[in-house]
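Working notes, structure below.
The values are calculated or read from the model by the stated rules, or taken from the named source; none is laboratory data. Being a predicted model, the structure only gives us computed values, none of them experimental. No Cβ is skipped: glycine too gets one built from the backbone with ideal geometry, and neighbour counts run over all protein chains shown. Just the protein is used for accessible areas: all its heavy atoms, side chains included, with ligands, DNA and RNA removed. Shrake-Rupley method; radii C 1.70, N 1.55, O 1.52, S 1.80 Å.
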Amino acid sequence: MNAAIKKAVLRPARNGRYVWLSANPLLLIGISLLFVFMLLALSGWLLAANDPLAVNMAERLKSPSLEYPLGTDHMGRCIFSRLISGARTTLGITAMVLMTVMVIGIPMGLLCGYAGGRIDALFMRLVDGLLALPEFILAIAVAGFLGPSLMNLMLSVVLVKWIGYARVVRGVVMAEREKEYILAARVGGARTFKLLFRHLLPQAVSPVMVLAAFDVGKVILTISSLSYLGLGAQPPAPEWGAMLNDGRPYFQTAPELMLYPGAAIMLVVLAFNLIGDGLRNVLDLKERWRGNPG
Amino acid sequence: MPPLLEVIKIGKSYGDSVKVLREVSFQIGAGECLGLVGESGSGKSTITRLILGLDKPDSGEIFVSGQAVHRLKGKALRHSRKHVQVVFQDPAASLNPRLRIWKSVVEPLENFPDVEPKFLTNVSGGQRELAAALLDRVGLGSELLDRYPDQLSGGQKQRVAIARGLSLEPKLLVCDEPTSSLDVSVQAQILNLLKELKEELGISYLFISHDIAAVRFMSDRIAVLKDGQLIDQFAAGDLFSPERHPYTRKWTETPA
């Protein structure tokens, strides 16, 4: 670690975002990577205006050219266009999954942590039951039972993922609920709703953010893996995992069919893991400063 | 007329075996300050929790202005809170670290829009102005309104907690060791402030502490708690009387 970074790390976090980023090269790299992908996903069609679904058997397995920046696949479709379009599918589904998961998990965690007693016990047994099964196997089972489609894939991921958020929020609430500022708010006449959303929920924001950043990577991997297995996106829809599967028979002759979507998955997951790591460091530091000011 | 606070033979246990309070009874009259002295572990904080309605006694009764608060639930309990407020020991823990000062101070008034304290009737404007008036009441300037708790000193934070405790103009303010986490020089300022406010506003205090000097300074009467039982109750002036319980005398002889 060089001197400038050390200096930035030691400066109080209150000075703002600039310090956050310069103190966390990993966070910076992660965010930049993600930014590039977002930009490509949103504006990539300007660079390669090919229909990602258009089959052209005359142009199959072409090398990169001006018209096809990354060449074409076994059906003559533009790989670059398919990657861009797949980015929107993958990132969009991931965002929807995470939002749904938070909408379910966070209120459940608040409720169980605050109510305690029987409600909490019931919930914990349910969660123990779900956790007893490896989450990937559970997702495969659900996707298998309901039939392969993107919608069912999302459903199966949500079914498994909400638990993490509920547990994190529940833990925070249980740790905070007997603290004096919560007691003081209760004595001050705050209603339960206000206690939960004004006083308790903000304490859970940092751990939930960190968890979400790591989960983005995991959800992308799950979606791609299940699509690779044929349980998610169905051909001809461009999705990175499904593209990997499509390219598998041609691995010997045209390895780039698997290389490009594989690299895309790897880079996006890497970006989110870097962001998760960076966020965890930054938020931990902030907590420590809050603990002993000066 | 019933006394402001009447506690009758309350008992409380945690778990099966640990009896924290046994048949504790006392009263506090209007405008009176009762000092409650006891070592740590004697049950002082449990008494606070029971009087504030944060916990229910296993046995016995608690009346505030004749109303049996230990039987209240839900909405009725919430509304009874207007009359009894609290200042906790550690001001760093009793203010939400993520709320600006003014929000913490006016929150009780926000919860009870029907309450209009006498000392705030001539304040015009919104919640910020009310918060500023409350801070002024405890000797703090309005430049602190937008700060966060960790930008204030311990004494300032405790003043903020006192302002919040007073905001509803309660009949009784429970002070649970309000000075024991503060520097010695700040302790005296906070005690003086509490005493002034009591005389100006005519509210009653339950002043809990293990600092016998602070209790003597604040209180009209003193009660001594040992192992969950009240073993001695007397007027503050009689602290050094030879009739005191041996335990009380031991307390006055060894400076705490």
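Structure above, values below:
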item: Spans of helices (runs of 4 or more DSSP H) in the stretch B:6-109 with at least 3 residues open to solvent by 20 Å² or more (accessible area, probe 1.4 Å) and of a type outside the set (S, T, N, Q); result: B:74-80
item: Complete set of residues in the stretch A:172-194 that are surrounded by fewer than 17 Cβ atoms within 10 Å (Cβ to Cβ) and touching a residue at least 60 places away in the same chain (Cβ under 8 Å); result: A:Met174, A:Thr192
item: Selection within the stretch A:195-225 - facing chain B (nearest Cβ under 7 Å) and surrounded by fewer than 18 Cβ atoms within 10 Å (Cβ to Cβ); result: A:Pro202
item: Meets criteria (over 19 Å from B:Ser40 (Cβ atoms) and open to solvent by 60 Å² or more (accessible area, probe 1.4 Å)) for B:Phe217; result: yes
item: Filtered residue count, the stretch B:82-117, keeping only those that are touching a Phe, Trp or Tyr at 6+ places or on another chain (Cβ under 7 Å) and of a type in the set (Lys, Arg); result: 2
item: Qualifying residue in the stretch B:223-238 (condition: basic (Lys, Arg), part of a helix (DSSP H, G or I) and touching a residue at least 60 places away in the same chain (Cβ under 8 Å)); result: no
item: Hey, B:Leu173 open to solvent by less than 10 Å² (accessible area, probe 1.4 Å), in contact (Cβ under 8 Å) with a residue 60 or more places away in the chain, out of contact with any helix residue (DSSP H, G or I) (no Cβ under 6 Å at 6 or more places or on another chain) and closer than 25 Å to B:Gln233 by Cα or not; result: no
item: Residues of the stretch B:82-110 classified as at the interface with chain A (Cβ under 7 Å from one of its Cβ atoms) and in contact with a helix residue (DSSP H, G or I) (Cβ under 6 Å, 6 or more places away or on another chain), total; result: 9
item: Tabulated pairs, the stretch A:50-63, first under 16 Å from A:Leu257 (Cβ atoms), second β-branched (Val, Ile, Thr) and open to solvent by 60 Å² or more (accessible area, probe 1.4 Å), C-beta under 8 angstrom, 6+ apart or interchain; result: A:Leu61/A:Thr253
item: Failed criterion for B:Asp136 (all others in (1) away from every other protein chain (no Cβ under 11 Å); (2) of a type in the set (Asp, Glu); (3) in contact (Cβ under 8 Å) with a residue 40 or more places away in the chain; (4) outside any strand (DSSP E or B) hold); result: (3)
